[in-house]
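What follows is a short report on a single structure.
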Amino acid sequence: MVTKRHDVVADVVAHQFRLLVLWTTPIPTAGLCVLSSLWEGLGAVLVEALAAGTPVASTRCPSGPEELLGDLPGEPLATPGDPASLADAMARQLDNPLPRQQLQAAAAPYALQNSVSSYLKAMGLSEAV
């Protein structure tokens with residue numbers, strides 16, 4: 001019997017990170033959203049996936065994924081440039097996806113009202129402005 005983990009490891013290692021991903025499945029219906037970047041500004045697609053309640057796996061690249069996913073259980077982060085590490089993170093998320101509500105809660109700080117409030121607070125302004 002072939003497991004999800006075996007399929008993921010075989011696919012990722014065979015392609016050696018040279019995967020062309022075509023967005024044919026909307027994020028809310030996807031089984032997993034994967035970000036395989038070597039660097040990111042924020043990783044907005046991760047926020048979108050979390051907000052939709054879709055499990056995520058990502059490389060622990062500079063800027064973004066660590067801040068977004070570092071506190072989530074289930075080890076969704078992988079070493080950048082290491083296909084086996086990313087395959088392991090993907091398999092962990094496919095085999096034991098976090099509850100939809102927990103994923104959505106991780107995206108809550110990036111919701112419009114929360115983002116605006118954070119910016120206003122950082123600038124020393126009140127929300128009543």
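Quick look at the numbers
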| item | result |
| --- | --- |
| Top-ranked residue of region 70-82 - restricted to ones that are of a type outside the set (D, E, K, R) and surrounded by fewer than 20 Cβ atoms within 10 Å (Cβ to Cβ), ranked as farthest from the chain's Cα centre (by Cα) | Gly81 |
| Subset tally (residues that are farther than 21 Å from Gln101 by Cβ, among the aliphatic types (A, V, I, L, M) and in contact (Cβ under 8 Å) with a residue 24 or more places away in the chain) for region 43-88 | 3 |
| Residue under evaluation Ser85, criteria (1) hydroxyl-bearing (Ser, Thr, Tyr); (2) within 20 Å of Trp39 (Cα to Cα); (3) exposed (fewer than 15 other Cβ atoms within 10 Å of the Cβ), criterion not met | (3) |
| Of residues in region 38-48 being surrounded by 17 or more Cβ atoms within 10 Å (Cβ to Cβ) and out of contact with any helix residue (DSSP H, G or I) (no Cβ under 6 Å at 6 or more places or on another chain), the one modelled with the highest pLDDT | Val45 |
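Residue by residue, here is whether (1) more than 13 Å from the chain's Cα centre (by Cα); (2) among the hydroxyl-bearing types (Ser, Thr, Tyr); (3) assigned to a loop (DSSP other than H, G, I, E, B) holds:
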site	(1), (2), (3)
Ser37	no, yes, yes
Ala51	no, no, no
Thr54	no, yes, yes
Cys61	no, no, yes
Leu68	no, no, no
Leu98	no, no, yes
Pro109	yes, no, no
Gly124	yes, no, yes
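The values are calculated or read from the model by the stated rules, or taken from the named source; none is laboratory data. Quantities reported herein were computed from a predicted structural model and do not represent experimental measurements. Heads up, the Cβs are rebuilt from the backbone with ideal geometry, glycines too, and the neighbour counts pull from every protein chain shown.
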